[in-house]
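Visitor: The structure under discussion is supplied below as structure tokens; questions concerning it will follow.
The values are calculated or read from the model by the stated rules, or taken from the named source; none is laboratory data. Small disclaimer: the values here were computed from a predicted structure and weren't measured. With ideal geometry, Cβ positions are generated from the backbone for all residues, glycine too; neighbour counts draw on all protein chains shown. Please note that ligands, DNA and RNA were not included when accessible areas were found on the heavy atoms of the full protein model with its side chains. Shrake-Rupley method; radii C 1.70, N 1.55, O 1.52, S 1.80 Å.
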Amino acid sequence: MKTVKREREAYSVQAVIKAIELLEILSSDQEHATVPILASRLGLSRNKVFRLVATLEAKGLVERSEESNSFHLGIQAFEMAQHILKSASLIRMAYPVMEELARKLDEAVYITVANNDEVLFLDMVDCLQQVKAVDMVGKRFPFFTNAAGKVIKSLSSPDILSRGRRRREIPDPEALERELQEIRSRGFAVDFNGLGDGVCAVAVAIRDYAGKVVCALTLLAPSFRMLHERLEQEVIPCMLEGAATLSLKFGYTRACA
């Protein structure tokens with residue numbers, strides 16, 4: 001049984017590799033990529049190539065031309081590429097500001113973005129503290145569980161709680177709506193234990209030239225270092241200053257608000 005399982009896993013990995021190679025061929029070639037041509041380029045049987053393109057076509061990554069019976073990249077592939085480029089550009093612009101905040105506050109600072117009704121932790125500049133919050137890069141959380149999601153949603157989707165399915169997932173929608181209104185008025189969010197016991201998060205929104213919220217700067221630290229006086233006098237002012245600096249890079253001015 002173990003041998004069969006290993007063979008299946010190996011086949012699955014090989015299929016993924018070939019699917020990626022197929023997309024690479026379609027992204028670089030201008031010729032009509034028919035099944036026979038793809039089979040020759042990939043070193044696969046026509047039957048296997050047909051199954052690959054059928055799967056990718058179902059996901060919108062590949063489209064078929066009815067006239068020539070050839071394949072080319074689908075709209076979903078281009079949309080994915082745009083998201084990747086956008087994320088890379090976002091990180092490149094945010095990194096110097098994140099570095100400055102992490103150095104000044106000696107706490108981990110993240111760049112976070114909204115993905116549907118979740119928040120994604122894209123990148124981080126770490127601190128030099130020996131005791132620190134767990135690394136969150138690449139992790140997703142429902143927006144209503146943490147400061148990053150709340151500050152983004154409060155300023156970009158004021159009607160988010162009107163969605164029936166999402167509202168049913170929120171423990172106390174009325175309390176959350178009140179919290180989002182407070183965040184909207186003050187421009188930052190703070191939470192304790194939303195991302196784990198003993199973790200404090202401070203998040204500030206970043207806007208672009210049109211005033212649209214594009215991401216959030218989020219500081220994560222152990223709660224015992226986030227005393228009220230430090231939050232009010234040091235952390236929050238520095239985070240707001242960093243948000244203003246990064247928003248300016250995206251072309252935002254207060255006149256847009």
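Visitor: Checking ALA102 against (1) out of contact with any Lys or Arg (no Cβ under 9 Å at 6 or more places or on another chain); (2) modelled with pLDDT of 90 or more; (3) outside any helix (DSSP H, G or I): exactly one of these is not met. Which one?
Guide: (3)
Visitor: Cβ-Cβ under 9 Å, sequence separation 6+ or interchain: first residue in the stretch 219-238 and of a type in the set (S, T, N, Q), partner part of a strand (DSSP E or B) and open to solvent by 70 Å² or more (accessible area, probe 1.4 Å). Which pairs?
Guide: That search, which allows pairs on different chains as well, returns SER223/PHE192.
Visitor: Might you check whether a residue that is more than 21 Å from PHE121 (Cβ to Cβ) and either at pLDDT 90 or above or out of contact with any Leu (no Cβ under 6 Å at 6 or more places or on another chain) (or both) occurs anywhere in the stretch 192-200?
Guide: Looking for residues that are more than 21 Å from PHE121 (Cβ to Cβ) and either at pLDDT 90 or above or out of contact with any Leu (no Cβ under 6 Å at 6 or more places or on another chain) (or both), one finds none in the stretch 192-200, hence no.
Visitor: Return yes when GLU182 is in contact with a helix residue (DSSP H, G or I) (Cβ under 8 Å, 6 or more places away or on another chain) and free of Cβ contacts under 8 Å to residues at least 40 places away in the same chain and no when it is not.
Guide: no
Visitor: Being over 34 Å from the mean Cα position of the chain (by Cα), within 22 Å of GLN76 (Cα to Cα) and outside any helix (DSSP H, G or I) is the filter here, so list the residues in the stretch 27-63 that pass it.
Guide: If the condition is that a residue be over 34 Å from the mean Cα position of the chain (by Cα), within 22 Å of GLN76 (Cα to Cα) and outside any helix (DSSP H, G or I), then GLU31, HIS32, THR34 are the ones that fit.
Matching residues to (1) at negative phi; (2) surrounded by fewer than 19 Cβ atoms within 10 Å (Cβ to Cβ); (3) modelled with pLDDT of 90 or more:
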residue	(1), (2), (3)
MET124	yes, no, yes
LEU128	yes, yes, no
LYS153	yes, no, no
SER156	yes, yes, no
ARG167	yes, yes, no
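Visitor: Here's something else I'd like to know. Mind listing just one residue for me: the one in the stretch 40-59 that is more than 18 Å from GLN14 (Cα to Cα) and out of contact with any strand residue (DSSP E or B) (no Cβ under 9 Å at 6 or more places or on another chain) and, of those, least open to solvent (accessible area, probe 1.4 Å)?
Guide: The qualifying residue least open to solvent (accessible area, probe 1.4 Å) is ALA58.
Visitor: Scanning the stretch 135-151 for residues that are assigned to a loop (DSSP other than H, G, I, E, B) and within 12 Å of GLY194 (Cβ to Cβ), which turns out modelled with the lowest pLDDT?
Guide: The residue in question is MET136.
Visitor: Can you tell me which residues in the stretch 109-119 are open to solvent by 10 Å² or more (accessible area, probe 1.4 Å) and either in contact with a strand residue (DSSP E or B) (Cβ under 9 Å, 6 or more places away or on another chain) or of a type in the set (Ser, Thr, Tyr) (or both)? Let's see the steps before the verdict.
Guide: Step one: of the stretch 109-119, the residues open to solvent by 10 Å² or more (accessible area, probe 1.4 Å) are 113-118.
Matches in the stretch 109-119: VAL113, ALA114, ASN115, ASP117, GLU118.
Visitor: Same structure again: Restricting to the stretch 60-77, name every residue that is surrounded by 12 or more Cβ atoms within 10 Å (Cβ to Cβ) and touching a residue at least 12 places away in the same chain (Cβ under 8 Å).
Guide: GLY60, LEU61, VAL62, GLU63, SER65, SER70, PHE71, HIS72, LEU73, GLY74, GLN76, ALA77
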